[in-house]
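Asker: First the structure, then my questions, so here it is.
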Amino acid sequence: MNIKIIRELREFLILWASQSVSTLGTAMTNFALIIWVYSQKGTASSIALLSVCSLLPSILFCFIAGTIADRWNKKRIMLLADTLAACGTVMVLVLYLTGALAIWHLYIINFLLSFMNAFQNPAAYVATSLLVPKEHYVRVSGLQSLSGSAVTIIAPALGSAALAFGGLGAVLAIDLLTFAVAFVTLLVFVKIPDVEQSVKEVQESFIKSCASGLRFLRGRSALLRIILFFAFINFIAKMGGYGMLPALVLSRTGGDQTALGIVESAVGFGTLFGAVLVTLMKPAKSRVRVIFIACGVSFLLGDVGQSLTSSLPIWVLAAFTSNVPMALLSANLTAVMRTNIPLELQGRVFAARDTIQYSTIPLGLFLGGVLADYVFEPLMAGRAIPVLSSIFGNGKGSGIAVMFFIVGAIGFVTSFLCLRNPAYYTLDKTRDKG
């Protein structure tokens, strides 16, 4: 980026850097908690339920949160949400240090933290739109993918090191330190402008305002179609590599946290490489085309590739190659959304989108855990289908591998069927109108 672009993005870059530091601390904690929970229970469903508790409230309260994000001061919402999230981490730390921490504590605390994320996410999303000129939307999405992938790479290594030298308490302490960095930076150095509301919006009742995001989407069939598509994709993906990857690796390696850390770091390296491409490349002529091709290729390389082996090097290769296109998908999808939704409605419409698009994730995670523990794992352990056993094996984790293959095949076929549907391509025309 040249000096002119850096000046135009100054406020965003400060916010992005500080929030990335905080995200790293949170990711380290999430990694450590997965290891801790698996060591207590040793089941895929126990890990899946932890993720469900982390997602469900943020989905349920999205409509209310989106309206509040549009009407209230974004900076204050973000500061309050961050503070309450830090309180949750303090609770986990105290329970751990006193020897009272149990898995059900984590479920409840993650549930409460997810409630705060329902307000944090739309406020942060609109804040980015306010701080960034439209011509830099894709570049900014690339930078966010860049930091996200860097966190994915670093967090498992740092989390494992902190666990080895200081236990879970050290990881939680680091998380709190990174929160302090992000909080002070946002409070002191970042100014987020407010959005002027029309008289109609001010006079509109809170309930009607909450529903306005859905009304907007009902009148934009292409937007609604692509959101429904990703609702389905999120459902199946959480039963495969984007929900059950820790269970697959840990079950097939006898609980080897180092192997899991290596594979998850490969995910981050893939996203990092893709994010660099997004940041450096010129915007695609058809963002919609990039979205569907990237989605299909990712399922093929990731879920299908990881299902056919128990070799760590091949898992690493599949994790890397499947996440390069995911960075392209994410950046182009975010740009499509920003350019097709008016700024003054973004909080509500993004909340409606998140409710629809992410509502299937808890169901996918829960169903994936149940199917793994009670259907596919017992089926493969019993050599019920010799053909499948010859391909996927019959040891622990082979049933999850079968699930990965099924998910990958469905995701690949669905993505390329949608690629041929002309209805989606109207979303590219909005960008052309500028």
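None of the figures in this text is laboratory data; all of them are computed from the coordinates on show. The model shown is predicted, which means the values in this text are computed figures rather than measured ones. We place every Cβ from the backbone using ideal geometry, glycine too, and count neighbours over all the protein chains shown.
Asker: Looking at 155, 122, 180, which one has the Cα that reaches farthest to the positive end of the dipole of the chain (charges on Cβ: Lys, Arg +1; Asp, Glu -1)?
Answerer: 122
Asker: Rank these for me by crowding, 78, 244, going from fewest to most other beta carbons within 10 Å. Spell out each step's value before the answer.
Answerer: On the way: 78 25, 244 31.
Least crowded to most crowded, the residues run 78, 244.
Asker: Given a cut-off of under 8 Å on Cα pairs at least six residues apart, what relative contact order in percent is computed for segment 310-434? Mind dumping the intermediate values first?
Answerer: Details: 49 pairs, mean separation 28.4, N = 125.
About 23 percent, as a whole number.
Asker: Also, I was wondering about something else. So how do 295, 87, 418 line up by other beta-carbon neighbours within 10 Å, fewest first?
Answerer: On the way: 295 26, 87 13, 418 20.
If I rank by nearby Cβ atoms, fewest first, I get 87, 418, 295.
Asker: Ok, one more. In whole angstrom, note down how far apart the Cα centers of segment 407-423 and segment 307-378 are.
Answerer: Each part's Cα centre sits 15 Å from the other's.
Asker: Please report, in cubic angstrom per residue, the volume enclosed by the convex hull of the alpha-carbon atoms of the chain.
Answerer: Numbers: hull volume 59.4 nm³, N = 434.
Each residue corresponds to 137 Å³ of Cα convex hull volume.
Asker: Step through the table entries 75/285; 238/396; 41/75; 4/75, compare each Cα-Cα distance with 29 Å, and write down the pairs that go over it. The partial results should precede the final answer.
Answerer: On the way: 75/285 35 Å; 238/396 20 Å; 41/75 40 Å; 4/75 26 Å.
Those over the limit are 75/285; 41/75.
Asker: For segment 83-98, what does the Karplus curve 6.51 cos²θ - 1.76 cosθ + 1.60, with θ = phi - 60°, yield as ³J(HN,Hα) per residue in whole Hz, taken in order and with x for Gly and Pro?
Answerer: 5, 5, 5, 5, 4, x, 5, 4, 4, 4, 4, 4, 4, 5, 5, 8
Asker: Could I ask something else about it? Classify segment 348-423 from the C-alpha gyration tensor, please: rounded if a/c falls under 1.5, else prolate or oblate depending on whether a/b exceeds b/c. Walk me through the numbers before you get to the answer.
Answerer: Working: a/c = 4.88, a/b = 1.77, b/c = 2.75.
It is oblate, given that a/c is not under 1.5 and a/b is not larger than b/c.
Asker: Which one, 265, 52, 133, projects farthest toward the positive side of the charge dipole computed for the chain from Cβ point charges (K/R +1, D/E -1)?
Answerer: Value: 133.
Asker: Let me ask something additional. Sort 236, 291, 108 by Cβ crowding within 10 Å, fewest neighbours at the top. Each step should come with its number before you reach the end.
Answerer: Numbers: 236 24, 291 28, 108 13.
Result, fewest neighbours first: 108, 236, 291.
Asker: Another question about this same structure. Among 223, 280, 405, whose Cα lies farthest out toward the positive end of the dipole of the chain, if unit charges sit on the beta carbon of Lys, Arg (+1) and Asp, Glu (-1)?
Answerer: 223
Asker: Separate question: When the Kirkwood hydrodynamic radius is evaluated over all pairs of different C-alpha atoms of segment 1-111, what value in angstrom, to one decimal, is obtained? Numbers along the way, then the final one.
Answerer: Numbers: mean 1/r = 0.0606 Å⁻¹.
The answer is 16.5 Å.
Asker: Where the only charges are on Cβ atoms (+1 Lys, Arg; -1 Asp, Glu), what is the dipole of the chain about its Cα centre, to the nearest 20 debye? Walk me through the numbers before you get to the answer.
Answerer: Details: 32 positive and 19 negative charges, 252 e Å.
Dipole of the chain, to the nearest 20 debye: 1200 debye.
Asker: Let me ask you something else. Quick one: angle between helix 257-280 and the longest Cα principal axis of the chain, in degrees between 0 and 90, rounded to 10, please.
Answerer: The two axes meet at around 30 degrees.
Asker: May I pose another question? Under a point-charge model restricted to the Cβ atoms of Lys and Arg (+1) and Asp and Glu (-1), what is the dipole moment magnitude of segment 1-121 relative to its Cα centre, in debye to the nearest 20?
Answerer: On the way: 8 positive and 4 negative charges, 53 e Å.
Using Cβ point charges on Lys, Arg, Asp and Glu, segment 1-121 gives about 260 debye.
Asker: Right, next: Taking 35 Å as R0, compute the FRET efficiency from the Cβ-Cβ separation of residue 64 and residue 420 and round it to 0.05.
Answerer: Working: r = 38 Å, r/R0 = 1.08.
My answer for the efficiency is 0.40.
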